[in-house]
Amino acid sequence: MSVVRVWTPRGEVALRPSDSVVTPLGAAVRDALETGLLASRPDAQTSDRTLLRGDPVDAALLHAATHAGIDHQHLLAERPILGLVPFSSKRKLMASFHQVDSRIVAYVKGAPRRLLELSDRVDEGGDDRALDEAMRQHLLGVNADLAARGLRVLGLGAGVVAQPAEAALRGLRFLGFVGLMDPPALGVRETIARLHDAGLRTIMITGDQRLTAEAIGRELGVVETDAQVIDGRELRALSAAELADRLATAGAFSRVAPEDKLTIVHALQARGDIVAMLGDGVNDAPALKRADVGVAMGRRGTDVAKEAASMVLQDDRFETVAAAVEEGRIIYDNIRKFVFYLFSCNLAEVLVLLAAGLAGLPLPLLPLQILWLNMVTDTFPALALAMESGDADVMQRPPRDPREAILSRAFLRSILFYAVLITASTLVGFVIALDRPIAEARTMGFMTLALAQIFHLGNARSVEPVLRPSRMTANLYALGAVALTVMLQVMALSTDALAHVLGLSPLGLTDWVLVVALAAVPAAVGQGIKLARRGARG
């Protein structure tokens, strides 16, 4: 955050945040910066490389004053501090009281309207002019103009008071405005657009005035019309039903009090929305606690905010929120892929035995063969699904219904469909060889089932076809799992001791061609369906 404008009744000055040399300024601007600095508490050290800490506004005022040739420590030595009125959302100001000669002088910064309420005169060229209604409206117009540029505007005032107390803050001399720019971090607008594509709406909540909120909201892409900005006073006057209607299109809230944040979160949840709240201050804690997902800032967040939140953003980057959403969706999708693959494969094994029994056929699989399939053939491909990088449209899909079960009816139908296909291929391979010794027939069925499950990995990996080379090689773990599993199947058949234990017999070239062809049927059908669906979508 940086001071970029200082407006006084004697004129306006633009400051460059990157200035590294003392900027010559007029007396009125210098008085305004001194007032802003004295009414602050910047926890900072200044040197050739300025290190700023504490409140960003106070740090920005120190930075601007330093480059204007104002020595903070010298200023405090000349005007010893007598008392302080800290900023609060109710006061909308911060004031400090200093000993200046034999007088007590209050230096105040805060919301422009609040400063104008406490002032009765304006500094004009060294002379004071009464702050009448015409001048008040003129100053409010200046404030609106600065706010419309997206600047955070503070009013500045000073005056002799009877005692160093808040109650004495009356009859101030209005000195001017400072406009501070807190440009959105690089990539925030793009991240908001990305979240919008994913079906997530971003709402900005700020303590700035309405025009500032509207200007920043337009810059970020969360506000298109002024009707999408709700002011704090307007918010508190709305009924629950009226607020629910406004929330349907709201993009920003301005001049909010700490308790307003909790109201907003509660109202969004009452509409059925799932709410993630980002915050860093003590005042954000109740809303962070109430939100479905409270996200605290890891670097600048307070300990109270971190304790109230359900997760902490270690790098304070908004892009990380979008990355977390994407990663969460990928994890959920991969869990479904894992379940889909194992359920369809295991169900196929059950159906093979059940169908053969009902048809009066010999037992197509031995217990040790089933154990081998479960321990070897199914395990490695299933584990590889956990390493999928996600479908291309993972951030172009609307959020899933939180009430939707992972084993939905459509999901179960898909599992059953592919299990039946694998079962049919396996039984065909088994039945074709029934005129030979039963060990050969079981070997045909066993190898067909094993390879069908391996090929079925392609159906489980993505809702899109995986026939393109780039898609096939996107998950090297899957390729490794396929290679390892095929190698183990060949080893089971070619190693005499293992083949004897599993009850397998050697297969000829024709048998292998038939086994591979039958095993490829479920995968081919699955990829064909996905290609047809993609073609139908255009």
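Treating cross-link reach as a plain straight distance, find the lysines whose alpha-carbon is under 27 Å from the alpha-carbon of Lys289, omitting any fewer than eight places away in the same chain.
Lys289 reaches Lys90, Lys92, Lys261, Lys306.
I'm spelling it out carefully: the read-out is Kirkwood radius over Cα pairs in Å, the candidates are (i) 29.5; (ii) 25.2; (iii) 28.7, and one was derived from this structure. Which label?
Here the calculated entry is (iii).
Measure nothing but the geometry: give the 0 to 90° angle between the long axis through the Cα atoms of 133-148 and the longest principal axis through the Cα atoms of the chain, rounded to 10°.
Between the helix axis and the principal axis of the chain, the angle is about 30 degrees.
Can you tell me the orientation of helix 258-270 relative to the chain, as the angle in degrees between its alpha-carbon axis and the longest Cα principal axis, to the nearest 10?
Once rounded, one gets 30 degrees.
Cα centroid distance between region 508-538 and region 291-312, in Å?
Value for the Cα centre distance between the two parts: 50 Å.
Report the normalised scattering of region 2-181 as log10 I(q)/I(0) at q = 0.13, 0.18 Å⁻¹, calculated by the Debye formula with identical scatterers on the alpha carbons.
Reported log10 I(q)/I(0), two decimals: -0.60, -1.21.
Mind listing which trypsin sites (Lys or Arg not before Pro) in region 229-279 are in a DSSP loop and have 16 or fewer other Cβ atoms within 10 Å?
Arg271
Can you tally the net charge around Thr510? Count Lys and Arg as +1, Asp and Glu as -1, for every other residue whose Cβ sits under 13 Å from the Cβ of Thr510.
Within the 13 Å Cβ shell, the charges total -1.
Using θ = phi - 60° and the Karplus curve 6.51 cos²θ - 1.76 cosθ + 1.60, what whole-Hz ³J(HN,Hα) does each residue of region 185-190 get, with Gly and Pro shown as x?
After applying 6.51 cos²θ - 1.76 cosθ + 1.60, I find 4, 4, x, 5, 4, 5 Hz.
What trypsin sites (Lys or Arg not before Pro) does region 375-427 have in DSSP loop regions with at most 10 other beta carbons within 10 Å?
Filter output for region 375-427: Arg403.
Just in region 208-303: which GluC sites (Glu not before Pro) are loop by DSSP and have at most 13 other Cβ atoms within 10 Å?
Here the sparse-neighbourhood loop sites are Glu224.
Antiparallel versus total DSSP beta bridges in the chain: what percent is that, nearest 5?
Once the DSSP bridges in the chain are tallied, antiparallel ones form about 75 percent.
Near Lys530, which lysines are there with a Cα under 23 Å away, not counting those fewer than 8 places off in the same chain?
Leaving aside lysines fewer than 8 places away in the same chain, those within reach of Lys530 are Lys337.
In a Debye calculation with equal point scatterers on the alpha-carbon sites of region 188-320 and no solvent, what is log10 I(q)/I(0) at q = 0.20 Å⁻¹?
Treating every Cα as an identical point scatterer, log10 I(q)/I(0) equals -1.30.
Each value in this text was obtained by applying a stated rule to the coordinates, not by laboratory testing. The structure displayed is predicted, hence computed values, not measured ones. All Cβ positions, even for glycine, are placed from backbone atoms using ideal geometry, and neighbour counts span all protein chains on display.
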